[in-house]
Amino acid sequence: MTAVTRLDYLSIFPDYFQVLHLSLLGKAAEHGLVETHFWDLRRWTHDRHRTVDDTPCGGGAGMVMKPEPWGEAFDELLGTEPDPEIHVVVPTPSGYPFRQRDAEQLSTARRILFCCGRYEGIDHRVLEYLRTRWTLHELSLGDYVLNGGEVAALAITEAVVRLIPGVIGNPESLTEESYSPGQEGLLEYPNYTRPVSWRGLEVPEVLMSGHHGRIAQWRHDQSVEITGSRRPDLL
Ligand code: JEB
């Protein structure tokens, strides 16, 4: 059996992560494969207003998350000793693009802390501090603007947890997907099920032919065509 993976989420909106009690991750937790902890960053503030933000040095629009609450949270959740086995994920629009290979690497980690910023982001010294002690992953979900890191942390979590052995019943369903190594990085071919005729739309005849070779060829051709039109960068 695999060791338990501990996932921690640090955010000013810890309620975002309630959805993790559902479905895939809920089952992984029930089976004792993962353990989750959700933390409100404001727990590590000391003023009456529980302030986590301040104006940007150098001026400009918006607010920046101040470093002190983050530092005190790290002290309590991770200690101060360096440990490269601890992975820290910081979603940020200026991060490295999050890819399947990142999900694969993170799925072997024993411990991951997700640090979810808001406003214009987190004081850069917090990232420097993290990088010198633990294994830091500054990751972006894609080229569009979100209001904070929470939704990205949820997406990354789902991509990671489903790769933990025992979480998905049939490991074959992992290897055939788009973006998995061995599928040559092609997008998936279209799927069909019964009925063979539905509202005047038919399942392609080749799929009902029983010719495994012709079916495999048709699916590969479809994959190449779809990849070429939607994601030529993958070819
Ligand atoms: C992640 C975040 C913000 C500039 C604009 C908006 C913390 N693909 C992605 N888009 N946006 C984010 C992301 C990821 N991952 C993202 C974390 C934060 C956006 N914001 C708002 C910051 N700077 C604050």
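The values are calculated or read from the model by the stated rules, or taken from the named source; none is laboratory data. Predicted model, so just to flag it, every value in this text is computed and none were measured. Heads up, the Cβs are rebuilt from the backbone with ideal geometry, glycines too, and the neighbour counts pull from every protein chain shown. The protein model used for the area step is the full one, side chains on, heavy atoms only, and it has no ligands, DNA or RNA in it. Shrake-Rupley method; radii C 1.70, N 1.55, O 1.52, S 1.80 Å.
Applying the set (1) in contact with an Asp or Glu (Cβ under 6 Å, 6 or more places away or on another chain); (2) without any contact (Cβ under 8 Å) to a residue 40 or more places away in the chain to MET63 leaves exactly one unmet item: (2).
Applying the selection to the range 185-234, what residues are touching a residue at least 12 places away in the same chain (Cβ under 8 Å) and of a type in the set (A, V, I, L, M, F, W, C)? The answer is LEU186, LEU187, VAL196, VAL206, LEU207, MET208, TRP218, VAL224, ILE226, LEU234.
In the range 47-65 there is no residue that is more than 14 Å from ARG118 (Cβ to Cβ), charged (D, E, K, R) and either in contact with a strand residue (DSSP E or B) (Cβ under 8 Å, 6 or more places away or on another chain) or buried (at least 17 other Cβ atoms within 10 Å of the Cβ) (or both).
Against the definition (of a type in the set (Ser, Thr, Tyr), modelled with pLDDT of 95 or more and within 14 Å of the ligand (Cβ to nearest atom)), how does SER140 come out, yes or no? Criteria met by SER140.
Take the conditions open to solvent by less than 70 Å² (accessible area, probe 1.4 Å), outside any strand (DSSP E or B), touching a residue at least 60 places away in the same chain (Cβ under 8 Å) and hydroxyl-bearing (Ser, Thr, Tyr) and apply them to THR157. Does it pass? Criteria met by THR157.
Just one residue in the set ASP102, ASP83 is under 18 Å from ARG131 (Cα atoms), assigned to a loop (DSSP other than H, G, I, E, B) and open to solvent by 20 Å² or more (accessible area, probe 1.4 Å); that residue is ASP83.
Taking the criterion of being in contact (Cβ under 8 Å) with a residue 24 or more places away in the chain, in a helix (DSSP H, G or I) and open to solvent by 20 Å² or more (accessible area, probe 1.4 Å), the residues of the range 109-154 that qualify are ARG125, TYR129, THR132, ARG133, VAL151, LEU154.
In the range 76-94, is there at least one residue being of a type in the set (D, E, K, R), within 16 Å of the ligand (Cβ to nearest atom) and in contact (Cβ under 8 Å) with a residue 24 or more places away in the chain? The answer is no, given that none of the residues of the range 76-94 is of a type in the set (D, E, K, R), within 16 Å of the ligand (Cβ to nearest atom) and in contact (Cβ under 8 Å) with a residue 24 or more places away in the chain. In the range 173-196, of all residues being charged (D, E, K, R) and at pLDDT 70 or above, the one that is surrounded by the most Cβ atoms within 10 Å (Cβ to Cβ) corresponds to GLU188. The set of residues from the range 8-41 being in a helix (DSSP H, G or I), open to solvent by less than 50 Å² (accessible area, probe 1.4 Å) and of a type in the set (Gly, Ala, Ser) comprises GLY26, ALA28, ALA29.
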